[in-house]
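J.: What follows is a structure written as structure tokens; I'll ask about it next.
The values are calculated or read from the model by the stated rules, or taken from the named source; none is laboratory data. What you see is a predicted model; the values in this text were computed from it and never measured. Methodologically, a virtual Cβ is constructed for each residue, glycine included, from the backbone with ideal geometry; neighbour enumeration extends over all protein chains shown. Heads up: the accessible areas ignore ligands, DNA and RNA and are worked out on the full protein's heavy atoms, side chains in. Shrake-Rupley method; radii C 1.70, N 1.55, O 1.52, S 1.80 Å.
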Amino acid sequence: MITKTFDVPRIHCDGCVHTVTTAVSRLSGISKVEASFQTKKVLVEFNPASVDETKIREALKSAGYPAN
Ligand SMILES: [Cu+2]
């Protein structure tokens, strides 16, 4: 497993946290998603054999929350 933290400045409330968590969790190979509106960060634990950073960034972007 790889753990990676993304900076996602558009996260500003629990609704955003829910949207982002759902969008990333939908990908296969994701074992943990922890989003926070206080820090505007999304921690993702994933299996690099199934998914990669690019796919996670695409999922965030298409949900309306592009990562820096
Ligand atoms: Cu929000």
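J.: Give me the accessible area of residue 21, 1.4 Å probe, in Å² rounded to the nearest 10.
T.: 40
J.: Return the long-range amide H neighbours of residue 35 (sequence gap of 5 or more, or a different chain), with a cut-off of under 5 Å between placed amide H atoms.
T.: 43
J.: Restricting attention to the alpha-carbon atoms of the chain, what are Rg (one decimal) and Dmax (integer), both in Å?
T.: Computed over the Cα atoms of the chain, radius of gyration and Dmax are 10.5, 32 Å.
J.: Based on Cβ point charges of +1 for Lys and Arg and -1 for Asp and Glu, what charge dipole magnitude is obtained for segment 2-62 about its Cα centre, in debye rounded to the nearest 20?
T.: Result for segment 2-62 is approximately 120 debye, rounded to the nearest 20.
J.: How far, in degrees from 0 to 90, does helix 53-62 lean away from the longest principal axis of the Cα atoms of the chain, to the nearest 10?
T.: 40
J.: May I pose another question? Could you calculate the contour length gain from residue 3 to residue 37, that is, 0.36 nm times the residue separation minus the distance between their Cα atoms, to one decimal place in nm?
T.: The span from residue 3 to residue 37 would gain 10.4 nm if fully extended.
J.: Please determine, in degrees from 0 to 90 and to the nearest 10, the orientation of helix 14-25 with respect to the longest principal axis defined by the Cα atoms of the chain, where the helix direction is its Cα long axis.
T.: Here the helix axis deviates by roughly 10 degrees.
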